[in-house]
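In what follows, a single structure is set out as structure tokens and then discussed.
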Amino acid sequence: MGAPPRAPGALHESDRADATARRMRRALTYAEERLWKALRNSGLHFRRQAPFGPYIVDFVWHAHRLIVEVDGGVHALPQVAAADKQRDAWLTGRGYRVIGVSNGDAAGNPYAAPDRILAAAGLGTPTPNPSPQGGGEL
């Protein structure tokens, strides 16, 4: 049996990264879980905990080359901030835009986050999925 198909646009380092990402998807932080639900309900096409080269990014939308990282207080530590800067440089060097969202914003007001993410990325506001039957007038 062959390897599972890879997501379009993803850059993979190894099967180990895939296994780590699967484990991380099952163990989202509270803030990541809240933001993931908000992103899914908004109709945006993000993937969560996706292997990307030597990194696993929190959320990625390949079609718009957009990555969202949820950062807690530990990211203020100098060594973590330096690693984040290196990661962001690597990702932007491949044509992706990286947007950081604090744990507080992701957990405290996750349903406002999709609009803020799109605004920061210079994209339009998401609209609800149209009715499959059409119409939708009141």
Fill in the blank from the handout: Interchain or sequence-distant (5+) residues whose placed amide H lies within less than 5 Å of the amide H of residue 57 are 50, 52
Exercise for the section: Determine which residues of segment 38-64 fall in the zone a paramagnetic label at residue 90 would reach in this model, i.e. backbone nitrogen under 18 Å from the point 7 Å along Cα→Cβ. Expected result: 49-61
Fill in the blank from the handout: The answer for the net charge of residues other than residue 102 whose Cβ lies under 14 angstrom from its Cβ, with Lys and Arg +1 and Asp and Glu -1, is -4
Problem - Taking all pairs of distinct alpha-carbon atoms in segment 31-121, Kirkwood radius in angstrom - result: 13.2 Å
Handout entry: Residue-by-residue Karplus 3J(HN,Hα) for segment 30-41, coefficients 6.51, -1.76, 1.60, Hz, glycine and proline x
Key = 4, 5, 5, 4, 5, 5, 4, 4, 5, 5, 5, 5
Problem - Charge sum, other residues only, whose C-beta stays under 14 Å from residue 123's C-beta, Lys/Arg counted +1 and Asp/Glu -1 - result: +2
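A short reminder: the numbers here are calculations on the coordinates, not readings from a lab. Just so it is clear, the structure is predicted and the values come from calculations on it, not from any experiment. Backbone-built Cβ (ideal geometry, glycine too); neighbour counts: all protein chains shown.
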